[in-house]
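Okay, structure first, notes after.
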């Protein structure tokens, strides 16, 4: 069974990188849309535009990219000889990926709250916009340095 994982490993890795780039782009951009929505979306027309952009970004780009990241990532970690689970790096990467997934779900909830005009301030969304950057640093350092 694991022979086919070794055969598809380079393709799974390439697909994983593309999926991560798409997911991260959305995780960086959606909270920025929340800032604009919270600060400028007081009138019905701009708020409607933000709602459409946020919805499409989350449903059409971020959700599929997150799923593709997880699926391809699981193919990678299940490939024999790729991950040494006795080291710290796979565990720190896993923790950061779980954090990234939590942030994705937080964004999905915030989108619904903003639609209902119950969201946070633009300042809070600006602060939260830094979360995916910190998690990305943890992931990249874990994978490249392999401590």
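What the table below lists for this structure:
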| read-out | value |
| --- | --- |
| Which listed residue, of 89, 85, is surrounded by 16 or more Cβ atoms within 10 Å (Cβ to Cβ) and farther than 24 Å from residue 61 by Cβ | 89 |
| Test: residue in the stretch 115-138 that is touching a residue at least 24 places away in the same chain (Cβ under 8 Å), under 19 Å from residue 66 (Cα atoms), within 13 Å of the chain's Cα centre (by Cα) and surrounded by fewer than 16 Cβ atoms within 10 Å (Cβ to Cβ) | yes |
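One line per residue, one yes/no per condition, for (1) touching a helix residue (DSSP H, G or I) at 6+ places or on another chain (Cβ under 7 Å); (2) surrounded by fewer than 18 Cβ atoms within 10 Å (Cβ to Cβ); (3) free of Cβ contacts under 8 Å to residues at least 24 places away in the same chain:
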{"residue": "25", "(1), (2), (3)": "no, yes, no"}
{"residue": "28", "(1), (2), (3)": "yes, yes, no"}
{"residue": "33", "(1), (2), (3)": "yes, no, no"}
{"residue": "51", "(1), (2), (3)": "yes, yes, no"}
{"residue": "69", "(1), (2), (3)": "yes, no, no"}
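Every number in this text was worked out from the coordinates using simple rules, so none of it is lab data. Every value quoted in this text rests on a predicted model; they were computed, and no experiment measured them. Because the Cβ atoms are built from the backbone with ideal geometry, glycine has one as well, and the counts that use them run over all protein chains shown.
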